[in-house]
1. Can you confirm whether segment 69-76 contains a residue that is open to solvent by less than 30 Å² (accessible area, probe 1.4 Å) and outside the structural domain of Gly133 (by TED's automatic domain parsing)?
2. Take the residues in segment 48-68 that are open to solvent by 20 Å² or more (accessible area, probe 1.4 Å) and among the β-branched types (Val, Ile, Thr), then tell me which one is farthest from ligand 2 (Cβ to nearest atom).
3. Of all residues being in contact (Cβ under 8 Å) with a residue 40 or more places away in the chain and near ligand 1 (Cβ under 9 Å from one of its atoms) in segment 30-42, which is nearest to the chain's Cα centre (by Cα)? Just the residue, please.
4. Has segment 100-110 got at least one residue that is open to solvent by 40 Å² or more (accessible area, probe 1.4 Å), outside the structural domain of Asn147 (by TED's automatic domain parsing) and at pLDDT below 95?
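The values are calculated or read from the model by the stated rules, or taken from the named source; none is laboratory data. Note that this is a predicted model, so its numbers are computed, not measured. When we count neighbours, we look across all protein chains shown, and the Cβ atoms used for this are built from the backbone with ideal geometry, even at glycine. Please note that ligands, DNA and RNA were not included when accessible areas were found on the heavy atoms of the full protein model with its side chains. Shrake-Rupley method; radii C 1.70, N 1.55, O 1.52, S 1.80 Å.
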Amino acid sequence: MQRLLLILFAACGVARADTIAVPADAPPVYMKECGECHVAYPPQLLDAGDWKNVMDNLHAHYGDNAVIGEQARQEITDFLTRNADSNGYSAGANSMRSPLPKLTRTGWFRHAHIKITNTLWTGNQVRSRSNCGACHMRAEQGSFQENEIRMPGDPRRERGE
Ligand code: HEC
Ligand code: HEC
């Protein structure tokens, strides 16, 4: 019995890492409206309350105006809250310093990117942690698998090794 449980936990671990992606059944309106200025982020990285906060404040969106039609806003809000974090990935997203949550501020994000230096984050090839596509080659398609990473300026990655 104990062995069976261990195997089950191991299997869940794999499934868990794999779920950080935009689900294939995401409404096209999400990829279009929320993938215009940055990539459409995986919904699992913020919890439902965070997403509601983001979607209720599109007029004051991280210093930008991201207002969209009401029907699209509703459809996207439903999609994001339905697929929101339930594993703790979003812990630490909120801070006193800004009214909106940031998935790039979470403990999960920092831990997953622990090897990346500040110089690289702020250099002109990446510019911002929110610019996932600078390193994740298929971020625009909503995919963040390990074999799809290419670090800017790393010739080994450029050759696809
Ligand atoms: C008009 C441009 C624009 C559109 C459209 C837009 N955003 Fe953003 N978004 C931004 C900017 C600018 C930032 C701040 C990026 C940074 O800090 O580098 C941002 C940041 C974010 C962040 C925080 C990223 C982080 O660093 O953790 C989330 C979450 C987000 N947007 C969600 C959305 C969603 C959901 C939509 C669709 C409803 C959307 N955005 C549409 C411009 C936009
Ligand atoms: C400067 C390059 C860079 C940027 C920008 C970047 N990442 Fe990553 N990301 C990496 C690297 C490198 C790894 C693999 C780290 C390792 O294996 O040690 C990684 C790992 C990941 C993983 C896999 C974690 C795991 O354990 O399987 C996810 C998911 C991810 N990043 C999502 C994002 C998202 C979402 C954004 C944007 C909000 C982003 N990344 C921005 C370089 C980047």
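1. Looking for residues that are open to solvent by less than 30 Å² (accessible area, probe 1.4 Å) and outside the structural domain of Gly133 (by TED's automatic domain parsing), one finds at least one in segment 69-76, hence yes.
2. That would be Val67.
3. Here the residue is Tyr41.
4. Within segment 100-110, not a single residue is open to solvent by 40 Å² or more (accessible area, probe 1.4 Å), outside the structural domain of Asn147 (by TED's automatic domain parsing) and at pLDDT below 95.
Condition check ((1) open to solvent by 50 Å² or more (accessible area, probe 1.4 Å); (2) modelled with pLDDT of 95 or more) across all residues:
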| position | (1), (2) |
| --- | --- |
| Asn94 | yes, yes |
| Thr122 | yes, no |
| Gly133 | no, yes |
| Met151 | no, no |
| Gly160 | yes, no |
